[in-house]
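K.L.:
One structure, as structure tokens, below. Some questions next.
The values are calculated or read from the model by the stated rules, or taken from the named source; none is laboratory data. Because the structure is predicted, anything quoted here is derived from the model rather than measured. Don't worry about glycine lacking a Cβ; one is built from the backbone with ideal geometry, like all the others, and counts go over all protein chains shown.
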């Protein structure tokens, strides 16, 4: 099945403590049905000091379920993603306004 959300897409969070936040997808794990979005679902990770790096509390974006994300169309509103054939090419499009993504 083709991926509705890909790396680099701008998305908005639909549910959870980060509801309404926007961010760019840094990575997608289709097997686990999760994605890492920059600035969303941030947890503090404590790291030990090493000779090469400073230790301390490091904020890290944790994976969020794909069902809790919606792609943002050019108007800045969340929309669902559909697929259609344009010529001989399969393209993603925003269902809210019908424009190709």
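K.L.:
Spot the failing condition for residue 12; the list is (1) in a strand (DSSP E or B); (2) over 11 Å from the mean Cα position of the chain (by Cα); (3) surrounded by 10 or more Cβ atoms within 10 Å (Cβ to Cβ), and only one is missed.
P.N.:
All conditions pass for residue 12, except number (2).
K.L.:
I'd like the full set of residues that are under 25 Å from residue 82 (Cβ atoms), assigned to a loop (DSSP other than H, G, I, E, B) and either free of Cβ contacts under 8 Å to residues at least 12 places away in the same chain or in contact with a strand residue (DSSP E or B) (Cβ under 9 Å, 6 or more places away or on another chain) (or both), limited to region 16-48.
P.N.:
Within region 16-48, 16, 19, 20, 21, 31, 32, 33, 40 meet the criteria.
K.L.:
Moving on. Of all residues in region 57-101 being in contact with a strand residue (DSSP E or B) (Cβ under 8 Å, 6 or more places away or on another chain) and assigned to a helix (DSSP H, G or I), which is nearest to residue 7 (Cα to Cα)?
P.N.:
Once the filter is applied, the top-ranked residue is 66.
K.L.:
Here is a follow-up. Given 58, 44, 64, 101, which one is at pLDDT 95 or above and surrounded by 10 or more Cβ atoms within 10 Å (Cβ to Cβ)? Steps first, answer last, please.
P.N.:
Values: 58 fails: at pLDDT 95 or above; 44 fails: surrounded by 10 or more Cβ atoms within 10 Å (Cβ to Cβ); 101 fails: at pLDDT 95 or above.
Going through 58, 44, 64, 101 in turn, the sole match is 64.
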